[in-house]
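Note sheet for the following structure.
The values are calculated or read from the model by the stated rules, or taken from the named source; none is laboratory data. All of these numbers come straight from a predicted model, not from anything done at the bench. So basically every Cβ, Gly included, is an ideal-geometry build from the backbone, and we count neighbours across all protein chains shown. Keep in mind that these areas ignore ligands, DNA and RNA; they rest on the heavy atoms of the full protein, side chains included. Shrake-Rupley method; radii C 1.70, N 1.55, O 1.52, S 1.80 Å.
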Amino acid sequence: LFRSTAVAARLAAQRQQINETLAKFRLSSEQLKEVQARIRTEMDKGLKRATHEEAEVRMLPTFVRATPDGSERGDFLALDLGGTNFRVLLVKVRSKKEGGVTMVSETYSLSEEVIRGTGTQLFDHIVDCIVNFQEAQGILGSKLPLGFTFSFPCRQTRLDEAFLIHWTKGFKASDCEGCDVVKLLREAVRRKKNLDLDVIAVVNDTVGTMMSCGYENPACEVGLIVGTGTNACYMEELRNAGKIGRA
C-alpha cells in the first residue's frame, strides 16, 4: 500500500512538471494570430528583391513551375540526400490502370568520415552507391533521367542548378559551400568511368513531398517536412515573386 502510494505521488509530480513545461508552449488564439501575421510579413519580405536579404524567412525559389497533372510516364532514378542515410530509387510512372507509380529503393549510410571529409569524397561515395543500386536492379548502362532531392539550404538559379548556402545536420564536407551541388554530382559521375547519368532536376525534400502528393491529388500545393529539420514549400503566383521576376 505504501509503495503504491509513493509511486502514484511520484507519477503525479512528474505529470504536473510536464504540464507546467508544456504550458509555456501553449499559445492563445491572439498569440497564434500574431505569429501568423509576423510569418506573413517575413514571407512578403522574402519574396521581394529589395528586402529578401534581410528577411527571416528566405523564400528560396525552386523553379518548379507546376504540379503533376497525371499524364507523366516513364522510368526515373531518384537520389534523396538529406541526412546520414540517403536513398537511391527507381521510380516507374504508369497510368493508374497500369499500376500507377511504383518504386524500388535502397538506403545507404554515410559515415562521419564521409560527411566531414572532402566534397570529392562525399560525392564519389554517392556515385558508388548509385552504381551499386543500378547493378542490383539490372539497369547499369541505362541512361535514365535522375532527380536529385538535396535537403540543405541552397540558392537555386535553375531547375538543375543549386548553390549550397551552408551545411546543416552535422555535414561538414569541404569545398561544397557556395558550389553548385548538381555540378559536384556530375563531376563525380565523370570521374566514374563508363557511367552516364542525366541529372535533370534538383529539389528540396519539401518540394519532392508536394510533387509526390500532387500526382495523386492535383489540389495539393503545399509540402511540409518536420524531422531533423523543419521546412515547407508552396506554389506561389509568379507575379508575387519579385526576387526572380526578372531573372
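Pick from Leu22, Leu122, Leu81: which is most flexible by mean-square fluctuation in a GNM of the chain where alpha carbon atoms under 10 Å apart are linked?
Taking springs between Cα atoms under 10 Å, the residue moving most is Leu22.
Counting other Cβ atoms within 10 Å of each Cβ, which chymotrypsin sites (Phe, Trp or Tyr not before Pro) in the range 88-161 have at most 16 and sit in a DSSP loop? Mind dumping the intermediate values first?
Working: sites: Tyr108, Phe123, Phe133, Phe148, Phe150; in loops: none.
For chymotrypsin sites (Phe, Trp or Tyr not before Pro) across the range 88-161 that sit outside H, G, I, E and B with at most 16 neighbouring Cβ atoms in 10 Å, the list is empty.
Is the range 120-238 rounded, prolate or oblate when judged by the Cα gyration tensor, a ≥ b ≥ c being the square roots of its eigenvalues, rounded requiring a/c under 1.5 and prolate requiring a/b larger than b/c?
Details: a/c = 1.94, a/b = 1.34, b/c = 1.45.
Cα axes put the range 120-238 in the oblate bin.
What size of dipole, in debye to the nearest 20, comes out for the range 1-124 about its Cα centre when the only charges are +1 on Lys and Arg C-beta atoms and -1 on Asp and Glu C-beta atoms? Before the final figure, lay out each step's value.
Details: 20 positive and 17 negative charges, 129 e Å.
Magnitude of the dipole: close to 620 debye.
Cross-link partners among lysines for Lys48, C-alpha distance below 21 Å, same-chain residues fewer than 8 apart left out?
Lys243
Let me know the charge dipole size of the range 9-62 about its Cα centre in debye, to the nearest 20, where only the beta-carbon of Lys, Arg (+1) and Asp, Glu (-1) is charged.
On the way: 11 positive and 8 negative charges, 46 e Å.
With only Lys, Arg, Asp and Glu charged at Cβ, the dipole is about 220 debye.
For the chain, what does the relative contact order come out to in percent, with C-alpha contacts under 8 Å and a separation of six or more?
Details: 365 pairs, mean separation 45.2, N = 247.
This gives 18 percent for the chain.
Not counting ligands, DNA or RNA, and with a 1.4 Å probe, what is Leu27's accessible surface area in Å² rounded to the nearest 10?
For Leu27, solvent-accessible area is about 90 Å².
Please tell me which of these pairs span more than 20 angstrom C-alpha to C-alpha: Lys143/Lys192; Lys143/Lys193; Lys143/Lys183; Lys172/Lys192?
Values: Lys143/Lys192 14 Å; Lys143/Lys193 14 Å; Lys143/Lys183 18 Å; Lys172/Lys192 23 Å.
The answer is Lys172/Lys192.
Regarding the range 30-167, what are the three Cα extents along the principal axes, ordered largest first, in Å?
55, 46, 30 Å, listed from the longest principal axis down.
With the Cα gyration tensor of the chain in hand, convert its eigenvalues to equivalent ellipsoid semi-axes via √(5λ) and list them largest first in whole Å.
Values: eigenvalues 269, 142, 91 Å².
Whole-Å semi-axes of the equivalent ellipsoid: 37, 27, 21.
Projected area of the range 90-174, taken from the Cα convex hull and averaged over every viewing direction, in nm²? Please list the in-between numbers first.
Details: hull surface 28.8 nm².
Over every viewing direction, the Cα hull of the range 90-174 projects on average to 7.2 nm².
Taking all protein chains in place and a 1.4 Å probe, what share, in percent, of the accessible surface of the chain do carbon and sulfur account for? Write down the numbers at each step before the final one.
Working: 7980 of 15360 Å².
Its accessible area is 52 percent carbon and sulfur atoms.
Based on the Cα gyration tensor of the range 32-74, what are the three equivalent ellipsoid semi-axes, each the root of five times an eigenvalue, rounded to whole Å and given largest first? Display every interim value, and only then the final one.
Values: eigenvalues 179, 46, 9 Å².
Equivalent ellipsoid semi-axes, largest first: 30, 15, 7 Å.
Can you tell me, using C-alpha contacts under 8 Å and at least 6 residues apart, the relative contact order of the range 100-247 as a whole percent?
22
Treating the Cα atoms of the range 177-237 as identical point scatterers in vacuum, please give the log10 of the normalised Debye intensity I(q)/I(0) at q = 0.18, 0.24, 0.28, 0.29 Å⁻¹, two decimals.
-0.80, -0.96, -1.08, -1.12
So which cysteines in the chain don't have a second cysteine's C-beta under 4.7 Å from them?
Singleton cysteines: Cys129, Cys154, Cys176, Cys179, Cys233.
Tell me, what is the percent relative contact order of the range 67-116, built from C-alpha pairs under 8 Å that lie six or more residues apart?
On the way: 74 pairs, mean separation 15.8, N = 50.
Computed value for the range 67-116: 32 percent relative contact order.
So if I average 1/r over every pair of distinct C-alpha atoms in the range 11-108 and take the inverse, what Kirkwood radius in Å does that give? Show your work: numbers first, answer last.
Values: mean 1/r = 0.0529 Å⁻¹.
For the range 11-108, the Kirkwood estimate is 18.9 Å.
Can you tell me what the convex hull of the Cα atoms of the range 1-64 projects to on average, as an area in nm²?
On the way: hull surface 32.0 nm².
In nm², the orientation-averaged hull projection of the range 1-64 is 8.0.
Given a 1.4 Å probe, how much area per residue of the chain is accessible, in Å²?
Working: 15360 Å² over 247 residues.
Each residue of the chain exposes 62 Å² on average to a 1.4 Å probe.
Which order, highest average first, do 196-202, 114-120, 96-102 follow once you tally other Cβ atoms within 10 Å for each residue and take the mean per peptide? The partial results should precede the final answer.
On the way: 196-202: 18.0, 114-120: 16.4, 96-102: 10.4.
Most protected by this proxy first, the peptides run 196-202, 114-120, 96-102.
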